[in-house]
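Where a number appears in this text, it was derived from the coordinates with a stated rule and is not lab data. Only a predicted model underlies this, so the values are computations on that prediction, with no experimental measurement involved. Cβ atoms come from the backbone with ideal geometry, glycine included; neighbour counts cover every protein chain shown.
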Amino acid sequence: MSTIKTWSYSSLKDYEVCAHAWMHRRILKTPEPKSKALINGEAIHAKAEAYLTEDNYAIPLELALFGREFKNLKACKATAEEELCLNSDWQPVPDGWSSEETWLRLKTDARIDNFIVDFKTGKYYPSHEGQAKLYANAFMCKHPEYDKVDVEFWYLDASTVKDYTFNRDDLDRDKAEWTTRVNMMLADKEWLPKEHEYCKYCFVRHLCPAKNK
């Protein structure tokens, strides 16, 4: 069975929720139907990127609750869909999305200097703070000129914002914590199932050893 050597925040989160489902999703590539929420989220993200990168593109209705904020991003020439690719030493890999050296892959939705924005089409979850931290950690590794990173999550359906600030003083500690978690994931060869509150929605529930004893 093949293994993987790269990770992202969503991959790590999937693994920590249930290693068995993660194995089907990331290693076996078991077909997984897209939910309506995922399809909707992908469509809205595509419209947001188009608005930020294309001339004469009106703000889509789906972004209307943040119309002023999106206009400001565009006026400031925000970078859209910036790739943050690092090797296992937390060093940047230039043009590294497909590089064999790449260990971590991330993309930020929008950025102005050391201000990062992530667009959310679902509801708030406490785990989003961890995602914000990883954005900031990876960004500081790629951009050593910044000692502080501000991250905002815009919940486009609810017109709410969550904001976080991360400092370089905490970077070494954060990197060590991520590395420990990721090494556990990448070294796993058992991929044991873990029962949790979302089991009933799992796309491989019918294949789960915990449910079919």
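Using Cα pairs under 8 angstrom and six or more residues apart, how large is the relative contact order of the chain, in percent? Don't skip to the answer; put the middle values down first.
Details: 281 pairs, mean separation 47.7, N = 213.
Rounded, it is 22 percent for the chain.
Under 15 Å from a point placed 7 Å out from the Cα of Asp163 along the Cα-to-Cβ direction: which residues of the stretch 87-126 have their backbone N that close?
Label zone hits: 112, 114-118.
If R₀ is 22 angstrom, what is the calculated FRET efficiency for the pair Ser8 and Leu192, using the beta carbon separation as r and rounding to 0.05? Don't jump to the answer; show the numbers that get you there.
Working: r = 22 Å, r/R0 = 0.99.
Plugging the Cβ-Cβ distance into 1/(1 + (r/R0)^6) gives 0.50.
Dipole magnitude of the chain about its Cα centre, charges +1 at Lys/Arg Cβ and -1 at Asp/Glu Cβ only, in debye to the nearest 20?
On the way: 31 positive and 35 negative charges, 208 e Å.
Using only the charged Cβ atoms, the result is roughly 1000 debye.
Can you sort Leu28, Leu52, Leu156 so the residue with the fewest Cβ neighbours within 10 Å comes first?
Details: Leu28 13, Leu52 18, Leu156 21.
The fewest-first ordering by Cβ neighbours comes to Leu28, Leu52, Leu156.
For the chain, what does -39500 (n - 2.57) per DSSP helix run (n ≥ 4), summed and divided by total residues, give at 222 nm, in deg cm²/dmol to the nearest 500?
Working: 6 runs with 72 residues, N = 213.
For the chain, the value works out to -10500 deg cm²/dmol.
For Ala75 and Ile112, calculate 0.36 nm times their separation in residues minus their Cα-Cα distance, and state this gained length in nm to one decimal.
Details: separation 37, 0.36 × 37 = 13.32 nm, distance 1.05 nm.
Full extension of this stretch gives 12.3 nm more.
What full-extension length gain, to one decimal in nm, is calculated for Arg181 and Tyr146 as 0.36 nm per residue of separation minus the Cα-Cα distance?
On the way: separation 35, 0.36 × 35 = 12.60 nm, distance 2.56 nm.
So the chain would gain 10.0 nm between Arg181 and Tyr146.
What are the ³J(HN,Hα) couplings of the stretch 86-94, residue after residue, when phi is run through the Karplus curve with 6.51, -1.76, 1.60 and θ = phi - 60°? Round to Hz, x for glycine and proline.
3J(HN,Hα) across the stretch 86-94, in whole Hz: 10, 8, 5, 8, 6, 9, x, 10, x.
Using the per-residue mean of other Cβ atoms lying within 10 Å as a proxy for protection, in what order, highest first, do the peptides 20-27, 194-201 fall?
Numbers: 20-27: 19.9, 194-201: 10.5.
For the peptides 20-27, 194-201, the packing ranking is 20-27, 194-201.
Dividing the alpha-carbon radius of gyration of the chain by 2.2 N^0.38 Å (N being the number of residues), what value is obtained? Spell out each step's value before the answer.
Working: Rg = 18.3 Å, N = 213, 2.2 N^0.38 = 16.9 Å.
For the chain, the normalised Cα radius of gyration comes out at 1.09.
May I ask for the net charge around Ser88, where only other residues with Cβ less than 13 Å from the Cβ of Ser88 are counted and Lys, Arg are +1 while Asp, Glu are -1? Provide the component values of the computation, followed by the final result.
On the way: positive: Lys5, Arg105, Lys175; negative: Asp89, Glu100, Glu101.
That works out to 0.
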